[in-house]
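Laboratory data are not the source of any read-out in this text; all were calculated from the coordinates shown. Keep in mind that this is a model prediction, so the values were computed, not measured. Neighbour counts run over all protein chains shown; Cβ positions are idealised from the backbone, glycine included.
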């Protein structure tokens with residue numbers, strides 16, 4: 001009887017591990033840079049246990065002096081700081097509360113693909129995953145312009161690491177492929193986030209506090 005219970009527990013454990021590995025990774029401590037067409041668009045550093053979040057987005061004019069604006073949320077301060085480097089002169093606003101919904105990029109993305117409990121749709125061999133990718137797919141039609149969009153999220157099976165998202169646009173009538181947009185998650189790192197990710201780029205005494 002005890003041996004049967006042991007076997008049952010082992011089987012349930014294996015099943016649980018298999019289901020967990022088949023779901024979209026949802027760590028509460030991570031960092032990555034989001035690129036589109038090979039160009040960096042945003043940088044995220046999220047540490048929910050520490051109560052800190054950073055979202056830096058780069059300007060489109062290739063301004064090498066800084067490159068964009070940044071939101072930093074600090075739970076201990078009960079504030080979300082917005083550092084605006086696109087204005088002249090640069091400035092900052094210390095808003096009460098937070099974080100902004102747009103800072104939860106990964107959580108929002110998971111929901112758009114069916115939620116954290118959603119098991120992958122298809123296994124695909126892809127060189128970006130050094131082998132097998134777990135993939136999730138969503139589709140929707142834009143009837144006004146007669147387009148169909150197919151969006152697929154790729155996660156490296158061996159490391160449970162998000163790799164990229166591929167959006168394909170088709171002609172709704174002819175099914176002809178019109179364009180492909182590849183969004184990559186570069187330098188994806190999980191675990192405790194170093195404090196330097198939340199270094200303030202300006203002196204907080206200059207911040208406007210509404």
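Observations, loosely collected:
- In the chain, helices alone account for a calculated mean residue ellipticity at 222 nm of -4500 deg cm²/dmol, with every DSSP H run of four or more residues adding -39,500 (n - 2.57).
- Working from Cα pairs under 8 Å separated by at least six residues, relative contact order for the chain is 21 percent.
- Ordering of 110-122, 74-86 by packing [mean C-beta count within 10 Å, highest first]: 74-86, 110-122
- All C-alpha to C-alpha distances of the stretch 151-210, sorted into 10 Å bins beginning at zero, yield P(r) values of 16, 25, 22, 21, 13, 3 percent in whole numbers.
- Rounded D (µm²/s) - the stretch 120-186, Kirkwood Rh over Cα pairs, Stokes-Einstein at 10 °C, 1.306 mPa s: 126 µm²/s
- Whole-number percent relative contact order across the stretch 120-186, with pairs defined as alpha carbons under 8 Å at least 6 apart: 23 percent
- Each peptide among 52-58, 157-163 gets the average number of other Cβ atoms lying within 10 Å of its residues, and from highest to lowest they stand as 52-58, 157-163.
- Size-normalised alpha-carbon gyration radius of the chain, reference 2.2 N^0.38 Å: 1.24
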